Structure formats: structure tokens, C-alpha cells
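All remarks here apply to the structure that follows.
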Amino acid sequence: MSATQSLIRTIADVEAFERIPLEERPLAWTLPEVLDAGAALDPCGTALHYLREANPDETALSLTYAELMGKVRQTANLLRRLFQGHEGVAGVLLPLVPENYFLLCGAPMAGILCPVNWAMKASQIAGILTAAGAEVLVTLGPCPGFDIWETARDVLELTPGIRHVIQVRGPGGTAAADREFGAMIAAERADALSFERELRPENTAIYCATGGTTGLPKLARLSHRGIAYKCHAYHWVLGHGPGEVWLAGTPLFHSGGIVNRTFSALSHGVTVVITSAHGYRAPATRTNHWKLIEKYRVTEISAPPTLLAALIDLPAGGADLSSLQKFANTGSMGLPVATARAFEEKFGVSIRANYGLTENTASACLSPRWGPPRYGASGIRLPYTKLKTVIVDRAGAYLRDGAPGEPGVIAVKGPGVTAGYVDESQNRALFFPGGWLNTGDLGRIDEDGYIWVTGRIKDLIIRGGNNIDASLIDETLMQHPAVEIAAAVGRPDSYAGELPVAYVQLRAGASAGAEEIREFARKHIPERGAAPVAVHILERLPLTDVGKISKPPLRCDAAQREFEAALAPLCGAGVSASVEVADTPAAGMRARIQLACADGARDAQAEDRARTIMSAYAFAYEIDWKA
């Protein structure tokens with residue numbers, strides 16, 4: 001199917017599509033099958049281009065689909081031999097290098113893959129690998145620009161279950177001769193698997209950490225069937241196929257990067273351009289973005305809202321962008337309407353949002369490629385995926401299903417839903433009655449089937465697309481001798497979406513400044529991105545009726561502080577702005593901004609400036625004038 005053909009435009013199309021039961025559709029249901037199908041579309045076509053420095057003038061390392069599948073089979077054969085024939089687990093600590101793709105596709109053929117965020121501290125990585133039962137670790141060798149090998153050495157001391165360590169030679173780096181990945185797979189068969197395995201669709205393919213970048217290990221079981229289903233569903237709704245070219249900058253330890261941007265691409269003959277080992281984090285990826293699109297005739301942009309916002313202000317420099325299609329997709333993170341509209345106005349590309357989570361093997365809803373944009377919404381449900389809202393009690397327990405259009409907790413059911421976490425004790429609150437996945441997210445479904453996500457029950461802070469477990473910040477801050485209790489929340493940010501901020505209550509008689517506590521957090525929190533950007537010391541933190549910290553008032557306070565600071569320049573024009581932020585079950589968080597002039601008149605220009613400032617945030621607001 002080419003991108004000009006359409007199967008799904010509306011929720012009515014979804015319902016019509018479902019008249020044929022999923023079981024009656026002749027589909028591949030394991031990763032070897034879907035990858036072989038993608039490679040067969042054009043074995044000589046380019047599967048991967050790999051750039052070391054995001055430089056359009058450098059010579060890329062390129063692999064055809066036939067060459068890629070040879071590397072994938074060699075990787076699977078090596079791992080199966082190291083697993084000694086059983087269903088072992090391979091942990092991976094790698095940036096965006098080609099070998100990461102070989103492992104992502106090959107490890108699930110031999111056993112189970114467990115990719116881990118290499119930016120975390122060794123203790124966190126070791127906790128995940130121990131929970132996964134990993135016995136093989138594939139990691140970057142010593143390499144300039146990365147400290148992955150130094151971290152891996154500490155991980156190995158904390159993870160005695162790992163029996164084999166393999167090094168990948170990174171850009172400009174080294175690897176031990178007796179355990180270098182390239183040499184080891186070169187000794188394996190490339191034309192076929194050298195082992196027999198009864199691979200069933202329900203088998204686990206990947207253990208994927210759901211906490212994002214921080215927090216205790218919480219590994220979701222992603223099955224072959226769940227991933228294969230998503231490859232088919234993306235194709236039905238988005239129509240991806242041979243001839244398309246995508247830039248790859250999303251980490252391969254994140255479900256979106258794994259399923260949407262890799263397996264979906266490779267299962268439909270798309271060419272993937274790896275911009276650099278650092279992906280979108282590399283400054284050159286941003287500065288050279290338009291030149292890379294021109295050089296490789298990229299057809300679709302897929303980037304987090306933070307990068308999209310940056311690209312709006314980046315001159316194209318005369319680059320030929322005619323290869324770009326008029327549709328682009330971004331992830332589940334909030335997409336400010338102003339960013340989407342500005343991007344479309346400048347480049348003629350409509351940016352659409354989707355909704356998903358790791359426990360559902362990435363996306364549950366997509367914005368149809370050929371339907372009109374509905375900015376602020378996150379798409380319609382995928383075929384064969386069911387969606388509803390649920391009304392819960394104060395403890396989060398199921399009370400009833402939501403009425404049509406009624407806000408509530410979003411619940412999902414379908415082929416992409418995980419069987420659960422590796423640790424069975426973490427599954428108690430994962431499902432509502434009837435096998436419906438409890439997403440912990442708040443939202444509503446409109447009359448056209450579009451999902452509007454209004455907030456989150458689960459306590460995650462989403463910074464630039466990375467999930468931060470607030471409990472880790474809380475626990476770290478409470479190790480400070482002056483802190484009695486602490487609570488971290490997300491503060492709206494016009495660039496990153498959210499930034500972590502913390503509220504603390506000091507022990508009786510203790511003395512400490514906010515900057516001292518913030519510095520303590522920066523030194524002791526496992527990942528730099530999770531350290532709070534601000535600390536506020538309160539006499540008393542708000543508590544619930546049962547004595548637990550109540551975070552909604554803190555989220556409102558953080559948002560109010562941010563918006564008051566953002567609107568402060570209006571005062572120079574003789575206009576005052578007061579902000580009140582409320583969090584309600586029906587509407588989620590909403591800011592009410594009241595403007596006032598000294599003479600009691602209305603200033604249209606000041607109101608326009610206020611709206612421009614607020615449009616940079618993915619946050620509901622209203623503006624009125626003080627009488």
C-alpha cells in the first residue's frame with residue numbers, strides 16, 4: 001500500500017474494517033514472519049543508512065534488506081548458542097548504532113530482548129537486568145562521547161547472573177578482540193537460523209521498562225503477537241510502505257522507538273536513516289535536519305514536540321523539502337496546538353498526535369493520515385483495539401463505565417495489551433474487570449471517536465518525551481537530613497512539555513535552603529534529567545483525608561508560578577495578569593488568566609500577547625478581563 005491509499009479515515013471506517021474478525025485475516029504473527037515479509041518487498045532496497053555525525057556530506061554505512069536480515073539471523077544464532085538452547089534474556093546497553101537494530105530484531109528470535117536506558121546509573125540498570133533474569137549483556141565498548149562501558153563495568157559487579165559480555169565497537173571506539181560483537185556474529189550462519197524453535201505468537205519478545213528513565217524496574221512483557229499486530233495496525237491507519245524514508249532519532253529502549261519507528265518501518269520496506277549514535281540528542285541532528293531531509297529524500301517527519309518547536313525557528317537554508325509528505329506523526333506527549341499550527345503554516349506538513357503506552361505495546365490511538373487534523377486530540381482507536389473511560393473511587397478502584405463523552409480513566413482492551421509485568425506483584429492494579437488495561441490516564445472520547453487526554457493519575461513527569469518517575473525524586477529528597485517529606489510534580493514548560501519541580505517540608509528545627517536541597521537532588525538522583533529544576537520549601541505540604549501527600553494542589557501551584565512568570569512582561573505595558581489554576585475531574589487542569597488595566601479598559605494587543613505566550617504550552621486556559 002502506498003501512502004496515497006486509504007483504509008481508515010474515521011471511526012466508522014474502523015468499525016467497518018472490524019466486520020472481518022482479526023483471526024480471519026491472513027496475517028503474520030511473529031517477528032521473524034513480519035520482518036521476512038518486509039524484506040521480501042525489495043531485498044535489494046535500502047533498509048538502513050547510518051551516519052556517525054549527522055552530517056549530510058559524510059558517507060553513510062548502508063545496508064540492504066537482504067544484508068540486514070543476514071545480520072539479524074547471525075545475531076539470533078549467536079545468542080541462541082550463548083543461551084545454550086533455552087529461552088534466555090539478552091540485556092542491551094547501546095545508543096543508536098546499527099548493531100542495536102540487529103539485536104532488536106534478532107534477540108526475540110533466539111529468546112527475549114531487554115533493552116535498557118544506558119543514561120541511567122549502574123544501580124538502576126542492574127536492578128532492571130536482575131529483574132529480567134538477563135544472562136547476556138551486549139554493551140558499547142570504550143568510546144569517546146559515551147560512558148556506557150564505564151557504567152557497564154559497575155553493572156556487572158551488581159549483576160552476577162550475567163554470564164556473557166559482548167562489546168560493540170562504537171564510533172571512534174574500541175572493543176576487546178575476544179568479545180567484539182561484529183567478529184562474533186561474523187562466525188555465525190547468515191542465510192538461515194541454525195536452530196529450531198517452536199515460536200508462538202503469545203511468546204514474550206521483549207521486556208520493556210515502563211518507568212521510562214528512572215524508578216524501580218517495571219518490565220512489561222511485549223509479545224510477538226502484540227508487536228506484529230501493531231505493525232499491521234500502523235499500516236492500516238497510516239499506509240506506510242516501500243519508497244518511504246524516515247529519520248531515526250528515538251531511543252531503542254522506548255516502546256515507541258521499538259514498535260512504531262523500527263518494527264513497523266522494517267515490516268513494510270521503509271528506509272530508516274539513523275542520524276547519529278546520539279539520535280535526536282545530537283546538536284548536529286537539529287542543525288542539519290533540513291539538509292538531511294534533502295539528502296536522503298525523507299518522506300515523513302516523526303519527532304517529539306520539543307524538536308518540532310525548535311525546527312520552526314530553524315531556517316531551511318534553501319533545502320529542497322519536496323520529498324516530505326503532508327502528514328507527520330508525533331508521540332503521546334502533549335503537542336501544543338500552536339506548535340502544530342505553526343509547523344503546518346511554515347512547512348505545509350500537518351502534525352498529528354497519537355496516544356499510547358508501553359503496557360499496550362505503544363499506540364492505542366492514531367490520527368488517520370487522510371482525515372482532517374483535529375488539533376488537541378490524540379486520534380481514534382486502532383482497529384480491533386477497544387477504548388472506554390472508567391469512573392473510579394478515591395482509591396482508584398473500578399466503580400462503573402463512563403457514559404458516552406464522560407471524562408474518566410482511559411481503559412484499553414485489544415491484541416496489543418500486555419499480559420502483565422514480569423513481577424506479578426505489580427499486576428494487581430494493572431487491569432480493570434474484564435481484562436481492560438488501566439492506563440492511569442484521564443481523558444474523554446468525543447462523538448467522533450477521538451480521544452482527548454486531560455491528565456494522568458499515574459505519577460509520571462514527561463520531560464521531552466522521557467518518562468520520569470516522581471517517586472524516585474521524592475525518595476531521594478527525603479534522604480536529605482533536613483527534609484521531612486517531599487513531593488515532585490511536573491511544571492508546564494513551553495519547550496520540554498514538563499520539567500520536574502519539588503516541594504519539600506523541613507523537619508522541625510531543621511534549616512536548609514532551596515538551592516542546597518536542589519543541589520543534593522542533582523548529585524543523588526540517578527539521571528540528570530530527573531533532577532528538579534526548582535525546589536519550593538513549604539511550611540506544610542497538602543495532605544489527603546488519609547494523610548497522604550496530595551499532589552494536585554502542587555501541580556496547580558507549579559503551573560501558576562510558571563504562567564505568572566511567563567506573563568510578567570505584560571506588566572511593562574501597564575497590564576497586570578493574575579493566574580488561577582484548577583484541577584477538576586471533568587476538565588482536568590485549566591488556567592484562568594485575568595487581565596487588568598489601570599484605567600479599567602481592555603487592551604486587545606495585550607490580550608493577543610497573552611494568548612501567544614500561553615499557546616506555547618500544551619495546557620488548557622481561558623482569558624478574561626477584570627471588571
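Judged by the ratio a/c of the largest to the smallest principal axis of the C-alpha gyration tensor, segment 473-627 counts as prolate, that ratio being 1.5 or greater while a/b is larger than b/c. Per residue, the accessible area of segment 351-493 comes to 37 Å² when a 1.4 Å probe rolls over the protein heavy atoms.
Length gained on full extension, residue 10 to residue 81, computed as 0.36 nm times the residue gap minus the Cα-Cα distance: 20.8 nm.
Ellipticity at 222 nm from helices only: DSSP H runs of n ≥ 4 in the chain, each -39500 (n - 2.57), divided by the residue count, give -8000 deg cm²/dmol. Percent of alpha carbon pairs in segment 89-248 separated by more than 27 Å? Roughly 28 percent, once rounded to a whole number.
Close amide H pairs (under 5 Å, H built 1.01 Å from N) link residue 456 with 442, residues at least 5 positions away or on another chain.
Please give the per residue accessible area of segment 520-573, computed with a probe of 1.4 Å over protein heavy atoms only, in Å².
Details: 2920 Å² over 54 residues.
Per residue, segment 520-573 has an accessible area of 54 Å².
In segment 453-571, taking the dipole from charged Cβ atoms about the Cα centre, the farthest positive-side position among 465, 542, 565 is held by 465.
Near residue 589, the amide H atoms lying under 5 Å from its own belong to 584; only residues 5 or more places off or on other chains count, and H is placed 1.01 Å from N. In straight-distance terms, cross-link reach from residue 326 covers every one of the lysines whose alpha-carbon lies under 16 Å from its own, apart from those fewer than eight places away in the same chain; here that gives 346. Each of 348, 260, 8 was scored by the projection of its Cα onto the charge dipole of the chain, and the greatest displacement toward the positive side belongs to 8; charges sit on the C-beta of Lys, Arg, Asp and Glu. Dipole of the chain computed with +1 at Lys/Arg Cβ and -1 at Asp/Glu Cβ about the Cα centre; of 403, 301, 582, farthest Cα towards the positive end is 403. Here the spin labels are modelled as points 7 Å beyond Cα on the Cα-Cβ line, and at residue 608 and residue 447 they lie 3.4 nm apart. Each label was represented as a point 7 Å from its Cα along the Cα-to-Cβ direction; for residue 511 and residue 187 these points are 6.6 nm apart.
Convert 37 °C to kelvin, take the viscosity as 0.692 mPa s, use the Kirkwood radius over C-alpha pairs of segment 160-267 as Rh, and evaluate the Stokes-Einstein diffusion coefficient in µm²/s, rounded to a whole number. Approximately 192 µm²/s, per Stokes-Einstein. All distinct Cα pairs of the chain go into the 1/r average, and the inverse of that average, the Kirkwood radius, is 25.5 Å.
Output needed for segment 415-463: three equivalent-ellipsoid semi-axes, defined as square roots of 5 times the C-alpha gyration tensor eigenvalues, in descending order, whole Å.
Numbers: eigenvalues 104, 50, 17 Å².
They are 23, 16, 9 Å, listed from largest to smallest.
The trypsin sites (Lys or Arg not before Pro) of segment 352-420 meeting both criteria, a DSSP state outside H, G, I, E and B (loop) and at most 12 other C-beta atoms within 10 angstrom of the site's C-beta, are 394.
Basic side chains Lys and Arg get +1 at the Cβ, acidic Asp and Glu get -1 at the Cβ, and with that the dipole of segment 314-373 about its Cα centre reaches some 120 debye. To the nearest ten degrees, helix 31-41 and the longest principal axis of the Cα atoms of the chain are 80 degrees apart.
Is there a quick way to get the dipole size of the chain? I mean about its Cα centre, with the Cβ of Lys and Arg at +1 and of Asp and Glu at -1; what is the value in debye to the nearest 20?
On the way: 60 positive and 67 negative charges, 58 e Å.
Magnitude of the dipole: close to 280 debye.
Going through the cross-link list 71/413; 551/626; 230/386; 121/218; 218/413, which pairs have a Cα-Cα distance over 25 Å in this structure?
Numbers: 71/413 35 Å; 551/626 30 Å; 230/386 14 Å; 121/218 16 Å; 218/413 20 Å.
Flagged as over cut-off: 71/413; 551/626.
Loop-located GluC sites (Glu not before Pro) in segment 425-533 (DSSP state not H, G, I, E or B) with no more than 16 neighbouring Cβ atoms inside 10 Å: 447.
For residue 273, the residues whose amide H sits under 5 Å from its own are 49, 246, 247, 248, ignoring neighbours fewer than 5 places away on the same chain, with H placed 1.01 Å from N. Using a/c under 1.5 as the rounded threshold, could you call segment 480-520 rounded, prolate or oblate? The axes a ≥ b ≥ c are square roots of the C-alpha gyration tensor eigenvalues, and prolate needs a/b larger than b/c, oblate otherwise. In terms of gyration-tensor shape, prolate. When the alpha carbon gyration tensor of segment 292-378 is reduced to an equivalent ellipsoid, the three semi-axes, largest first, read 23, 14, 12 Å. Other residues within the sphere of radius under 9 Å centred on the Cβ of residue 405, judged by their own Cβ, net out at -2 (K and R +1, D and E -1).
Give the longest segment of the chain that steers clear of chymotrypsin sites (Phe, Trp or Tyr not before Pro) in DSSP loops with at most 16 neighbouring Cβ atoms within 10 Å, not counting the sites themselves. Segment 196-494 is the longest.
Roughly how many debye, to the nearest 20, is the charge dipole of segment 1-77 about its Cα centre, given +1 on each Lys and Arg Cβ, -1 on each Asp and Glu Cβ, and no other charges?
Numbers: 6 positive and 12 negative charges, 21 e Å.
In total the dipole reaches around 100 debye.
Between rounded, prolate and oblate, where does segment 360-484 land on the alpha carbon gyration tensor, with a ≥ b ≥ c its root eigenvalues, rounded for a/c under 1.5, else prolate if a/b exceeds b/c? Prolate. To the nearest ten degrees, helix 65-82 and the longest principal axis of the Cα atoms of the chain are 80 degrees apart. Overall, the accessible surface of segment 1-147 at a probe of 1.4 angstrom is composed of carbon and sulfur to the extent of 52 percent.
Give the residue list of trypsin sites (Lys or Arg not before Pro) in segment 38-136 that are DSSP loop and have at most 16 other beta-carbon atoms within 10 angstrom. Passing both the DSSP loop test and the Cβ count: 121. Shown in residue order for segment 489-494 are the 3J(HN,Hα) couplings computed by the Karplus curve 6.51 cos²θ - 1.76 cosθ + 1.60 at θ = phi - 60°: 9, x, 9, x, 9, 5 Hz (x for Gly and Pro).
A simple rule links phi to the HN-Hα coupling: the Karplus curve 6.51 cos²θ - 1.76 cosθ + 1.60 with θ = phi - 60°, which for segment 419-431 gives 6, x, 8, 4, 7, 4, 5, 8, 8, 4, 9, 6, 10 Hz, with x for Gly and Pro.
All C-alpha to C-alpha distances of segment 1-131, sorted into 5 Å bins beginning at zero, yield P(r) values of 2, 9, 12, 14, 16, 14, 13, 11, 7, 2, 0 percent in whole numbers. Here segment 112-186 is described by how far its Cα atoms reach on the three principal axes: 31, 26, 19 Å, from widest to narrowest.
Roll a 1.4 angstrom probe over the protein heavy atoms and tell me the percent of accessible area of segment 220-321 that is carbon or sulfur. Walk me through the numbers before you get to the answer.
Numbers: 1460 of 2550 Å².
For segment 220-321, the apolar C and S fraction of the accessible surface comes to 57 percent.
Residues in segment 551-557 carry Karplus couplings, in order, of 7, x, x, 6, 4, 5, 5 Hz; the curve used is 6.51 cos²θ - 1.76 cosθ + 1.60 with θ = phi - 60°, and Gly or Pro positions show x.
The values are calculated or read from the model by the stated rules, or taken from the named source; none is laboratory data. Because the structure is a prediction, the values reported are computed rather than measured. Cβ: placed from backbone, ideal geometry, glycine included. Neighbour counts: every protein chain shown. Side chains included, ligands, DNA and RNA excluded: accessible areas come from the protein's heavy atoms. Shrake-Rupley method; radii C 1.70, N 1.55, O 1.52, S 1.80 Å.
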